[in-house]
1. Which residues in region 1-26 place their backbone N less than 17 Å from a point set 7 Å from the Cα of R57 along the Cα-to-Cβ direction?
2. Filter the GluC sites (Glu not before Pro) in region 23-76 to those in DSSP coil with at most 12 other Cβ atoms within 10 Å of their Cβ, and list the result.
3. Order the following by accessible area, largest value first: V64, V168. Probe radius 1.4 Å; ligands, DNA and RNA are ignored.
4. Could you work out how far helix 40-55 tilts from the main Cα principal axis of the chain, as a 0 to 90 degree angle to the nearest 10?
5. In region 111-191, which GluC sites (Glu not before Pro) are in a loop and have at most 16 other Cβ atoms within 10 Å, using DSSP for the loop call?
6. In units of 2.2 N^0.38 Å, what is the alpha-carbon radius of gyration of the chain?
7. If you roll a 1.4 angstrom probe over the protein chains with everything in place, what fraction of the accessible area of region 1-153 belongs to carbon and sulfur, to the nearest %?
8. Out of D97, D163, D29, any idea which swings most in a Gaussian network model of the chain, alpha carbons joined below 10 Å?
Amino acid sequence: MQLILASASPRRKELLGLFHIPFVVRAADIDETMDPHAAPQQEVARVSRLKALAVSREQDDVVVAADTIVVCNGKILGKPKDSRQAVEMLTMLSGRDHQVMTGCTVVRGESSETFTEVTDLHFRELSQREIEAYVRSGEPMDKAGAYGIQGGAALFCEGLKGDYYNVVGLPVCRLHKALQKLVPEWMEVSK
């Protein structure tokens, strides 16, 4: 039996390491396009499930997959395609409330659990100069909503309600509960 992280994200790799269970990384190669007319919570969960199923090969393997989006005024913000789009996203988030949603799926053989964790955030008003400087740093380019709360965007966030680690990309508390349910023998060791 092997634990597999279906993501190449260095942040998810670091957070899964908190469980002290050896794991391998096997990034999923799937179409992550979301239906803009569907509920964001359902879409991000659907994508996480597709990722998990794409790398699940052995009956005994345990696969953890996640997908994170930012939602502002009902609009899904994924990873920016270029710096122009990153500036647009950060401008949209400036001075506003938004949500970070992470769909997470754990698969073990025929058993699975999929959930979506939601965290509410509020960004202070950002100047155009701040936004452009942050985008020039390169940090926003591989992150949903064009920001990393664990990096430079920590200076933008005035309020957060919910799981901080969800905003980083992996809701570790809720994932722990799912792993306890599907792989109780591992979770006794990780305590």
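The values are calculated or read from the model by the stated rules, or taken from the named source; none is laboratory data. Source: prediction; values computed, not measured. Because the Cβ atoms are built from the backbone with ideal geometry, glycine has one as well, and the counts that use them run over all protein chains shown. In case anyone asks, the SASA skips ligands and DNA or RNA and just uses the protein heavy atoms, side chains included. Shrake-Rupley method; radii C 1.70, N 1.55, O 1.52, S 1.80 Å.
1. Those under the cut-off are 1-8, 23-26.
2. Of the GluC sites (Glu not before Pro), the ones in loops of region 23-76 whose Cβ has at most 12 other Cβ atoms within 10 Å are E58.
3. Details: V64 0, V168 25 Å².
Ranked list, largest accessible area first: V168, V64.
4. 40
5. On the way: sites: E113, E117, E125, E130, E132, E158, E185, E188; in loops: E125.
Sites meeting the loop and neighbour criteria: E125.
6. Working: Rg = 16.7 Å, N = 191, 2.2 N^0.38 = 16.2 Å.
That works out to 1.03 for the chain.
7. On the way: 3420 of 7340 Å².
Within region 1-153, the accessible surface is 47 percent carbon and sulfur.
8. Most flexible of the set in this elastic network: D29.
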